[in-house]
Amino acid sequence: MDVFGELVTVEYIPLFFEEGAGTLLLKFMPFVLFFELPLALLVMVGVMKYTIERRSEPERSPFFPSVSCIITCYSEGRDVQKTIMSLTEQIYPGKIEMLAMIDGASVNKLTYDSAMEMSGYVSDFRNRKLIVVPKWQRGGRVSSLNTGLKFASGEIVMALDGDTSFDNNMVERVTRHFEDPYVSAVSGCLRVRNADESLTASLQAIEYLISIQASKTGLSAFNLVNNISGAFGVFRKSVMDLVEGWDAGTAEDLDMTLRIKNYFGRYKKKFRIVFDPEAIGHTDVPPTFKGFLKQRIRWDGDLSYLYFKKHRLSFSPKLLGWPNFLMVIFTGIFSQIVMPFVIFAYTVWLFVVFPIEYSVGLLLLVYFFYLLLLLVMYLFFVACLSERPREDLSRLCFLPLMPLFAFAARMNSLVATVWEMTASGHKDTSMAPWWVTRKNKF
Amino acid sequence: MTVYKIYRILLGEEPVHYSDEKITDFPSAGELLEKKPKPGIVLIDGIKGNKTSDMLKVFWELVELRGSAEFCFAPIYISRTMKQLDIMVDGITANIEERLPEAISILERGARVRRDALIDNYNLRMLTYMYVRGDSYLLSPVCAPFSQWVYSYPHIALLLDSASKAAQMLRPEDLSGQDRLRSFRFDTEIMMALKAVAYLEDNGYIERYALVDRIRKCPKCRTGHLNYVDICPNCGSIDFEKKVMMHCFTCGYVAPDSDFRKSMSFVCPKCNTVLRHLGSDYDHPLESHECNNCGSKFIEPEVKADCLFCRTRTDPSDLTVVNVYSYKLSEKGSAAVRTGTMQMEVQLFDGQNNLKFGYFCNILEWMREYRKRYSDEAFSVIGLKFSNLYEVETSLGEDIYNKIMDELIFRIRSMVRSTDITTSSAPDTFWILLPRTALENSRILAERIEKLNDMLEITSEKKIEIRARSFQIPAEDDQTPAEQYLAMFAEEL
């Protein structure tokens, strides 16, 4: 902030307004009008729609399908016990079967032993069952999920991460949507478990609330859920059988979402993917800024790989249905891949064309605009959706850092896309060993 | 060398064994016994063992053979396996020739036995059975899980006089033959065998060889079929539930999780916080139990052992611990077999002055003669009867019963003078001959014996009824045998 303070002198600010509203608008256009604002408005309308509909949600009918949770574990160690305990603790009268898939169990002995230790605890509970499956040879996340699918006996299958624990009403919230036979999948809401560990973690907690809890609720209100999170996805078993499980390669969660969506168009939009902001999982995020950037490079790189290489053919209104087609173009390709380039180009252009004081002043204006937008959205979302409002409001003080944080993330994602395009970075993934990714067709 | 005969009992049309001149066939054990045969080897043949009815036929033949004085210790073989019956015979063989050496050694040792002593002495039969099978013979317990006694010695049970009054008195109900056979469920005999083995051990005729197993039994009825059940420590009900306790982090309230449950979520009843996540909103400080019968709350249920037969509930530490042993014949036991004499089996009195009933009657008649000659030589007889031993044992349980009996016997023995002569005419009837004692004096003693009941140190709900009367045999009558008088007196008891 000090940097900005020194660069920006007060006399420049009236300058923006002297140029007239039209020019100013032009300078904002790429950022705001064409993209951020409509999306924010769509999400807010969606959240409002959800909030109103949630008020009149009927009492739960006695529909308690059996649930199989495939927990993909790698090197989580003792954290796996939190996951298993939180699933055992669910307030749900139906059956919950937990399949702890330990990938590379011979190396990850602690994870395997930790999972095995829980069998006594689980056996004390009615309708809870724990199966620990050691995959001695490491085979990657997808192989764990598909192996788990073979063992799964429930009508509902969950793909969960071994480092994610859940609120005790999660299964109850999630299963109620499947009473509607056209609901093919439910995406769960992720929150940050270690939010108080560091500043980076706190900022990610704010980001998760806006980009997951709120945005997905908004999109879900229009059946436009863009991704079923890999750490927390819930599927109807018959749908999983239809798409024949997960596909090898990275970003298998997005891949699965797109493949399910491919049926939307074919079946005349009957199918739905629901996001439930009250079905909550808590996951650990990288506590350091460096770790955060590394994680995002991987995610964003995987994203462009998936959109541009693997699912090029999926981009057809025929397969996805028109609304989803537009949404994938809009949120997927435009926002996450094209936008970083636009922002980067715009900033460079700004500094080249205008004097530095003017550019910085303009950026400051952009900053305040974003901050205001964020503040309004954050308060609105906490009021409408948050189940832990006190905790979320306590992070308001970090909000002024968020636009900078988001900018850094955008630039990082630019690097990721370039890296992926030029060097096939997705093969350099920690999600599967090289001897598995090597065989991948794409 | 004596040539022993082979008696074959042919029970069916399908003999395994060939016929030859050494083998004599009989249709049943009954017909064999009627012929008053010489000692020999018995082979049961001609029947397949795959039907229960077949096994039952063989079983009754065995009961008859082993119940007889002639064949109680004889080597008996069967030609095909008869499952549970196999351990009751000396072996299964299709070719009896192969078994001849061992069978002949049994019979040769049997030749040294005084057979006439076996006629009415079933305990001696058991000792003989062990004796003839050699010094290395082990009387091993057999696990009979369907029997309420769990471990027993069924081959010994066959030797017992199961029709005797004692068996009837102790367990009057009788199972059908088929039930008895099924896994040795002839419980009467099995229990009698246990008692017999215990008696032989107590009296030193057999000695422990190895500890085979240890089981816990109901202290009242001595059965091993127990159900270990966890119960409410307050009211003893088995109907209680595990209650998980919940602890709200926000306000610290602790209560069973049912108190927190509000439709599909946990809400703290004190501070109304919604408790969503284990470890960050709440935890389970402990597990407790709540009785559905009396409502009491407790951490650990109590464990008790319920007897499946008499329904007595016992603390596991109070169960009767029974060590099950295998036995060998002792020196004393093998001497008893060779001489054909065992000490008197009466428990109430022992020592030199305790006589066989016949001798006692002889002495009584001699005393009568003596008094006729020397009229100042008065003598009297006290009759003693325990009339409800069986009921007391079943209602108090064997442990307490034994303690009471021990004390009672000790007291009675201390009242008897060393010159008094004792005997027993029935398992529960005893006689004391008191020389130089007038009827009035012996009456006082009889009264004191009758009152012993109330003076015992062990108090119990049910008391052993002791009937004691003093009698005098009229001096003028020298015709009626003493035995007849005692029978008359016994009726008055």
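General remarks:
- Residue in the range A:85-101 that is within 14 Å of chain B (Cβ to nearest Cβ), β-branched (Val, Ile, Thr), crowded, with 16+ Cβ neighbours inside 10 Å and touching a residue at least 40 places away in the same chain (Cβ under 8 Å) present: yes
- Residue A:131 being of a type in the set (Val, Ile, Thr), away from chain B (no Cβ under 14 Å) and surrounded by 20 or more Cβ atoms within 10 Å (Cβ to Cβ): no
- Qualifying residue in the range A:253-271 (condition: modelled with pLDDT under 70 and either closer than 28 Å to residue A:409 by Cα or surrounded by 18 or more Cβ atoms within 10 Å (Cβ to Cβ) (or both)): yes
- The residue that is surrounded by the fewest Cβ atoms within 10 Å (Cβ to Cβ), among those in the range B:444-471 that are of a type in the set (Ser, Thr, Tyr) and not in a strand (DSSP E or B), is B:459.
- Within the range B:210-232, tally of residues that are acidic (Asp, Glu) and under 27 Å from residue B:298 (Cα atoms): 1
- In this structure, residue B:191 does not satisfy being within 14 Å of chain A (Cβ to nearest Cβ) and modelled with pLDDT under 90.
- Qualifying residue in the range A:56-79 (condition: β-branched (Val, Ile, Thr) and within 14 Å of chain B (Cβ to nearest Cβ)): no
- Residue A:383 satisfies every condition listed in (1) surrounded by fewer than 18 Cβ atoms within 10 Å (Cβ to Cβ); (2) modelled with pLDDT under 80; (3) among the small types (Gly, Ala, Ser) except (2).
- For the range B:115-149, filtering for residues that are more than 19 Å from the chain's Cα centre (by Cα) and over 13 Å from residue B:72 (Cα atoms) leaves 5.
- Residue within the range B:397-408 that is at positive phi and surrounded by 15 or more Cβ atoms within 10 Å (Cβ to Cβ) present: yes
- Residue among A:151, A:166 that is surrounded by fewer than 18 Cβ atoms within 10 Å (Cβ to Cβ), touching a residue at least 24 places away in the same chain (Cβ under 8 Å) and touching a Leu at 6+ places or on another chain (Cβ under 7 Å): A:151
- Residue A:237 vs. criteria surrounded by 24 or more Cβ atoms within 10 Å (Cβ to Cβ) and touching a residue at least 60 places away in the same chain (Cβ under 8 Å): no
- Single match in B:467, B:413, B:448, B:417 (criterion: touching a strand residue (DSSP E or B) at 6+ places or on another chain (Cβ under 7 Å) and of a type in the set (D, E, K, R)): B:467
- Residues of the range B:226-272 that turn out to be in contact (Cβ under 8 Å) with a residue 24 or more places away in the chain, of a type in the set (S, T, N, Q) and surrounded by 13 or more Cβ atoms within 10 Å (Cβ to Cβ), as a count: 3
- Residue in the range A:381-391 that is farthest from residue B:275 (Cα to Cα), counting only those that are under 20 Å from the mean Cα position of the chain (by Cα) and away from every other protein chain (no Cβ under 14 Å): A:381
- Residue within the range B:429-443 that is surrounded by fewer than 14 Cβ atoms within 10 Å (Cβ to Cβ) and under 31 Å from the mean Cα position of the chain (by Cα) present: no
- The range B:419-453, residues that are touching an Asp or Glu at 6+ places or on another chain (Cβ under 6 Å) and within 18 Å of residue B:405 (Cβ to Cβ): B:432
- Taken over the range B:109-132, the criterion of being out of contact with any helix residue (DSSP H, G or I) (no Cβ under 6 Å at 6 or more places or on another chain) and at pLDDT 90 or above is satisfied by B:129, B:130.
- Flag if residue A:123 is modelled with pLDDT under 90 and within 14 Å of chain B (Cβ to nearest Cβ): yes
The values are calculated or read from the model by the stated rules, or taken from the named source; none is laboratory data. Remember, it's a predicted structure, so these values are computed and weren't measured experimentally. Positions of Cβ are generated from backbone atoms using ideal geometry, with glycine treated the same way; all protein chains shown enter the neighbour counts.
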